[in-house]
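Notes follow the structure.
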Amino acid sequence: MMLFALISLAAMPTQSAAVPYSAQVYQAPVVRPFEPPSNFGRVTEEGDGGGDRPLRVIPAPVSVENYERSYEHAPSRSDNAYDAGVDNAERNMDGRMGPLDGRWRLKDTEGRTLMTLSLMDQGESKPLEGAYRTADTAAVVGPLTADRSGGALTLEMAGGRLALSPSGAGWAGTLTQDGRDRAVTLVR
């Protein structure tokens, strides 16, 4: 997620100087995505044991006028089982992530977007990681370092600091840049 966040933010207009990166390198997740066993789809079902009907081979292109029913066949049992496994693995991974995980927009009091943040929150026991991209013409991109204490959140970035606390559907606080404080909100 962190790598994806940095790549997605960095794919936009570049910045002039290199950004030091000190966060940990990507590691494979503890729970792997759904991987079917080697005999997946070849096991005969119990009960009726009919399984999926094999579809006939289409020997030549078929024009739209020749279709009698839907354009695609219904998914087979093995297609449905695979999709259910992938969905379950995604829900399990999302369930382990903290409330700050995802993309956020930092807005000023007039509702203008100042920057976009991409955060990876693996829960209170792990450090919060992230990256930011300013919304101005410079489009500065860089990593964030975070400090959580109680309900407050402090994000440090190149040339600034963001102090936030929970507020309604998002977070509210102060952005300090160049010795100047601004009231801001962080929303999805």
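Taken together, the values in this text are just the output of simple stated rules run on the coordinates, not laboratory data. These figures come from a predicted structure and were not determined experimentally. Here Cβ is always computed from backbone atoms with ideal geometry, including for glycine, and neighbour counts include all displayed protein chains.
The table for this structure:
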quantity: Radius 15 Å from Cβ of GLY160, net charge of other residues (Lys, Arg +1; Asp, Glu -1); calculated: -2
quantity: Inter-site label distance for VAL30 and VAL187 at 7 Å from Cα along Cβ, in nm; calculated: 3.5
quantity: Label-point gap, in nm, between ALA60 and ARG91 - each point 7 angstrom along Cα→Cβ; calculated: 4.7
